[in-house]
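Novice: Quick one: the structure is below, questions incoming.
All of the numbers you see were taken from the coordinates with simple rules; none came from a lab. Since the structure is predicted, the reported quantities are computational estimates derived from the model, not experimental observations. With ideal geometry, Cβ positions are generated from the backbone for all residues, glycine too; neighbour counts draw on all protein chains shown.
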Amino acid sequence: MSTWHTLAERADAYVLGLMDEDEHRSTETELEHDESLARAVAVSRDKFLELDLVGPTASVSPDLWARIERQLGPQERPKSAAAPPAAANDNGLSWWRGFGLSAAAASLLLVGALSYALLGRAEPQVIAVLMNEQGEPVVMIEDFGNDTAKVIPLSDVSVAADQSLQLWTLPSSDTGPVSLGVLDGWRTATVEGPDLPGPIEEQLYEITVEPLGGSPTGKPTGPILGKGFAKMPRP
């Protein structure tokens, strides 16, 4: 029994590789003669295209998929839907492995799109995947535009006992970098920053390594752990 309640949801699931093999095969067959479905798939592909351009192409390490699954946690299906076989999740991820997307786009789409489109979570105003110097995804930032931002680690990071990690953004060149908060450990968390204008596309975000408790100057002083530019989720 299908869990996609609208044509748009079905198209998103097809494009994102979230269908099992039977659903995927059935959708491909319908695409040959169903113009409405074909248009919805075209819209979905265009909607998610920019997310694949967030970061440079990079090889996806095998343990990245396990970390993404841990961040997603158990996914609840509507009570009216039949329980899928145990391998259903693996089918979805196997499609991703075959797509050859950048590591940044893969992690962003799997964590972000699945959470928002299928679980109905509140949608952030912008999303940024921060990359390290090697072009590897380090963390995803969801900025909700209400002085709060969510930090979702995508890789394992550790710092010395006398150091802290601090999240920054650059609302404008006139303002300069502004701290959104010092992270209390390397885990998924929500930080509350100062009263700022709503975030915009291409706004810079970065995490730096600072002295314990945060930067003593109010501006970034330490090495950059990861940085990236914001993208706006497409409706």
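Novice: Looking only at region 12-44, filter to residues that are on the phi < 0 side of the Ramachandran plot, in contact (Cβ under 8 Å) with a residue 24 or more places away in the chain and not in a helix (DSSP H, G or I); which one of those is surrounded by the most Cβ atoms within 10 Å (Cβ to Cβ)?
Specialist: Top of the filtered list is L18.
Novice: Could you list, in sequence order, all residues of region 190-208 that are surrounded by fewer than 18 Cβ atoms within 10 Å (Cβ to Cβ) and over 21 Å from K231 (Cβ atoms)?
Specialist: E192, P194, D195, listed by residue number.
Novice: What are the residues in region 135-160 that are surrounded by fewer than 16 Cβ atoms within 10 Å (Cβ to Cβ), in contact with a strand residue (DSSP E or B) (Cβ under 7 Å, 6 or more places away or on another chain) and more than 16 Å from D184 (Cα to Cα), if any?
Specialist: Listed by number, the list holds a single entry, D147.
Novice: Enumerate the pairs (first residue in region 122-133 and farther than 13 Å from A149 by Cβ and in contact (Cβ under 8 Å) with a residue 40 or more places away in the chain; second residue anywhere and assigned to a loop (DSSP other than H, G, I, E, B) and not charged (D, E, K, R)) with beta-carbon separation below 7 Å, excluding pairs fewer than 6 apart on the same chain, so at least 6 apart or on different chains.
Specialist: Close Cβ pairs satisfying both conditions: E123/P233; V129/V54; V129/G55; M131/G55.
Novice: Take the conditions surrounded by fewer than 19 Cβ atoms within 10 Å (Cβ to Cβ) and either aliphatic (A, V, I, L, M) or farther than 30 Å from V43 by Cα (or both) and apply them to G176. Does it pass?
Specialist: Yes, satisfied.
Novice: Would you list the strands (runs of 3 or more DSSP E) that sit entirely within region 171-216 and hold 3 or more residues that are touching a residue at least 40 places away in the same chain (Cβ under 8 Å) and within 20 Å of F144 (Cα to Cα)?
Specialist: Passing ranges, in order: 189-192, 204-211.
Novice: Is there a residue in region 174-181 that is under 20 Å from the mean Cα position of the chain (by Cα) and more than 22 Å from G218 (Cβ to Cβ)?
Specialist: Among the residues of region 174-181, not one is under 20 Å from the mean Cα position of the chain (by Cα) and more than 22 Å from G218 (Cβ to Cβ), which makes the answer no.
Novice: Mind counting the residues in region 137-164 that are more than 26 Å from E202 (Cα to Cα) and either of a type in the set (A, V, I, L, M) or without any contact (Cβ under 8 Å) to a residue 40 or more places away in the chain (or both)?
Specialist: Residues that pass the stated criteria total 4.
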